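Step one of this worksheet: look at the structure below.
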Amino acid sequence: MYKKIIMFSLLAAVIVFFIYWFYPFKPSVFLSDEQIALEIEEVIFKSNVKQVQDVIKIDERHFFVPFITENQTYSGSYWEWKRNQWKLNWVKINLRPRVLKIEENNPETYYFVWNLDPRDQVAALDFFLKKKRGYSGTNYHPAIQMKDEISLDTSSYGIRKLPIGKA
């Protein structure tokens, strides 16, 4: 009888553990600026976050956080809700425009992110999307070039969804 109680308790504990570990709970409130700075400084030694510029919500489970270091380096970090807590996915010091991929094989979840130093006096960013020409049999597919211009008049940081349509 005693062994049955122990086995039942152990089984219940394992089930509760697996439910907690694998059940996708809704994300909690995002971290404060101080918590963000501490997490970044744990990952990048001597990064010394001076100011968190903004917390930009991409969706319920993903955030982009531009920040400035003590060395006046304009940087950025990407956060994701994983295993029921906020995880720092990557940090880039001196963040030039780059593509952020939320889902690796899904281009509809790609974003441009940037945080440029205002002293560089960049007025706008021009992104070009290109498709090479091609042909097959009697079909010809012309080259396509699409331009996306982003003004930096209001802010030196930001995020923009990659303009990808259905083919």
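The values are calculated or read from the model by the stated rules, or taken from the named source; none is laboratory data. Since we're looking at a predicted model, the values are computed, not measured. Reconstructed Cβ throughout: ideal geometry from the backbone, glycine too, with neighbour counts over all protein chains shown.
A compact table of results
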{"read-out": "In the range 8-60, the residues that are of a type in the set (Gly, Ala, Ser) and either closer than 13 Å to Gly76 by Cα or in contact with a His (Cβ under 6 Å, 6 or more places away or on another chain) (or both)", "value": "Ala37, Ser47"}
{"read-out": "Matching residues in the range 52-73 - criterion: being within 15 Å of Ala37 (Cβ to Cβ), modelled with pLDDT of 95 or more and either loosely packed, with under 13 Cβ neighbours inside 10 Å or of a type in the set (Phe, Trp, Tyr) (or both)", "value": "Phe63, Phe67"}
{"read-out": "Residue count for the range 13-64, restricted to those that are out of contact with any Lys or Arg (no Cβ under 6 Å at 6 or more places or on another chain) and part of a loop (DSSP other than H, G, I, E, B)", "value": "19"}
{"read-out": "Qualifying residue in the range 129-150 (condition: closer than 26 Å to Leu31 by Cβ and at pLDDT 90 or above)", "value": "no"}
{"read-out": "Enumeration of residues in the range 122-167 that are assigned to a loop (DSSP other than H, G, I, E, B) and either of a type in the set (Val, Ile, Thr) or touching a His at 6+ places or on another chain (Cβ under 7 Å) (or both)", "value": "Val122, Arg133, Thr138, Thr154, Ile164"}
{"read-out": "Qualifying positions in the range 131-167 - surrounded by 11 or more Cβ atoms within 10 Å (Cβ to Cβ) and in contact with a Pro (Cβ under 6 Å, 6 or more places away or on another chain)", "value": "Asp148, Ser156, Tyr157, Ile164"}
{"read-out": "Qualifying positions in the range 107-121 - within 20 Å of Ile40 (Cα to Cα) and part of a loop (DSSP other than H, G, I, E, B)", "value": "Leu116, Asp117"}
{"read-out": "Unique match (being out of contact with any Phe, Trp or Tyr (no Cβ under 8 Å at 6 or more places or on another chain) and more than 27 Å from Phe63 (Cβ to Cβ)) among Gln145, Gln121", "value": "Gln121"}
{"read-out": "Any chance Glu104 is at pLDDT 90 or above, in a helix (DSSP H, G or I) and either among the β-branched types (Val, Ile, Thr) or out of contact with any Phe, Trp or Tyr (no Cβ under 8 Å at 6 or more places or on another chain) (or both)", "value": "no"}
{"read-out": "Residue in the range 114-123 that is closer than 19 Å to Ile150 by Cβ, loosely packed, with under 12 Cβ neighbours inside 10 Å and among the small types (Gly, Ala, Ser) present", "value": "yes"}
{"read-out": "In the range 1-51, the residues that are among the hydroxyl-bearing types (Ser, Thr, Tyr) and under 21 Å from His62 (Cα atoms)", "value": "Tyr20, Tyr23, Ser28, Ser32"}
{"read-out": "Neighbours by Cβ (under 8 Å, 6+ apart or cross-chain): first from the range 103-125, in contact (Cβ under 8 Å) with a residue 60 or more places away in the chain; second hydroxyl-bearing (Ser, Thr, Tyr) and assigned to a strand (DSSP E or B)", "value": "Asn115/Tyr74; Asn115/Ser75; Asn115/Tyr157"}
